[in-house]
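Working notes, beginning with the structure itself.
The values are calculated or read from the model by the stated rules, or taken from the named source; none is laboratory data. Just so you know, these numbers come straight off a predicted model, no measurement behind them. Cβ placement follows ideal geometry from the backbone for every residue including glycine, while neighbour counts extend to all protein chains displayed. SASA here: full protein model, heavy atoms, side chains in, ligands and nucleic acids out. Shrake-Rupley method; radii C 1.70, N 1.55, O 1.52, S 1.80 Å.
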Amino acid sequence: MNLLRGLVARPWRFAAEVTALLIAAVVAFPLYWMVLSAFKPAGEIESTEARPWTTAPSLDSFRRVFEQQEFGRYFVNSLVVAGSVVVASALIAFLAATAVTRFRFRFRTTLLIMFLVAQMVPVEALTIPLFFLMRDAGQLNTLGSLILPHIAFSLPFAIWMLRGFVKAVPEALEEAAYLDGASRARFLWQILFPLVLPGLVATSVFSFISAWNDFLFAKSFIISDTSQSTLPMALLVFYKPDEPDWGGVMAASTVMTIPVLVFFVLVQRRLVSGLGGAVKD
């Protein structure tokens, strides 16, 4: 009875909650179908009658994935690429955001506008120029050809986002640190860095997902040396135009999703914490 009264008294809140649940279901359904297809036997996957359940779950698809000789190498390569992009982009973005926020210099506004413009350029439009750049730099068929472009593409977003976090730290706090004898480097790493950590985590999630799921650069820059390939390229092993192994594709995709979920679980507390109450002037 009390529940019905609450629904009548707050219809808009009830409608918003129902809408949120529907959106969450729509977003989660492809993930559910991917995991379900990974556990389905081949007969059910190829059946013309699709069912949102399985009565005979099987690990055959996962077995075929882990029996691939290069799968472990692809996994390690993806970790190296994603980890390098996260660490490098976070450090560079933190220093750059601090510079454009705390210092006044010529063309500072122009530089910030360029960061925004850089995000408007499609990645596909730059793939060919980047290919020739990597070729001239001797980076083709190396993990460096994947790490460097992802750092470049993640920096504009990271710098622009971290700029707000750095700006939220009162300048009075910086002045007080200097009066207490702290050097600029000590203020930067021992005071400012922990306060903008939530922003660094948010940008790191973006950088990690972008680098981990990359297929375009991996397909374009890793041409002949398959030992430098990453996990998205492993999906091509199971996809054949005449006879695709959808179970293997879904199982490999499920394995690819696990590190992203683990990374998100590890950083989710920092991701949602924000700066509320962290700084008091």
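Structure data summary
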| quantity | calculated |
| --- | --- |
| Nearest-0.05 FRET efficiency for Phe206 and Arg104, computed from C-beta distance (R0 35 Å) | 0.75 |
| The chain: calculated mean residue ellipticity at 222 nm from DSSP helix runs of at least 4, using -39500 (n - 2.57) | -23500 deg cm²/dmol |
| Mean Kyte hydropathy of -0.5 or more with a Cα span along the axis of at least 18 Å, helices from DSSP in the chain | 11-39, 71-102, 108-120, 123-136, 144-168, 197-212, 246-273 |
| Once the Cα gyration tensor of the range 158-275 is diagonalised, semi-axes √(5λ) in Å | 43, 15, 10 |
| Cα→Cβ-extended label distance, 7 Å offset, between Thr226 and Gln69, nm | 0.9 |
| Net charge contributed by nearby residues that have their C-beta within less than 15 Å of Arg104 (K/R +1, D/E -1) | +3 |
| In Å, descending, principal axis extents of the Cα set of the range 1-118 | 67, 61, 25 |
| Net charge, Gln228 excluded, C-beta distance under 11 Å - Lys, Arg +1, Asp, Glu -1 | -1 |
| Theoretical gain in end-to-end length, Phe29 to Val260 [0.36 nm per residue, Cα-Cα removed] | 81.4 nm |
| Net charge contributed by nearby residues that have their C-beta within less than 15 Å of Pro149 (K/R +1, D/E -1) | -1 |
| FRET efficiency estimate (nearest 0.05) - Cβ-Cβ, Leu22 to Trp53, R0 30 angstrom | 0.90 |
| Per residue value of the accessible surface for the chain (all protein chains in place, 1.4 Å probe), Å² | 60 |
| Most fluctuating residue given options Ser37, Ser204, Ser224, as computed from a GNM of the chain linking Cα atoms under 10 Å | Ser224 |
| Loop-located GluC sites (Glu not before Pro) in the range 34-97, at most 13 other Cβ atoms within 10 Å (DSSP) | Glu46, Glu49, Glu67 |
| Sites matching chymotrypsin sites (Phe, Trp or Tyr not before Pro) across the range 16-124 that sit in DSSP coil, with at most 15 neighbouring C-beta atoms within 10 Å | Trp53, Phe103, Phe105, Phe107 |
| Residue of Phe132, Phe238, Phe14 that the Gaussian network model of the chain assigns the largest fluctuation, springs spanning Cα pairs under 10 Å | Phe14 |
| Share of carbon and sulfur in the accessible heavy-atom surface of the range 101-184 [1.4 Å probe, %] | 67 |
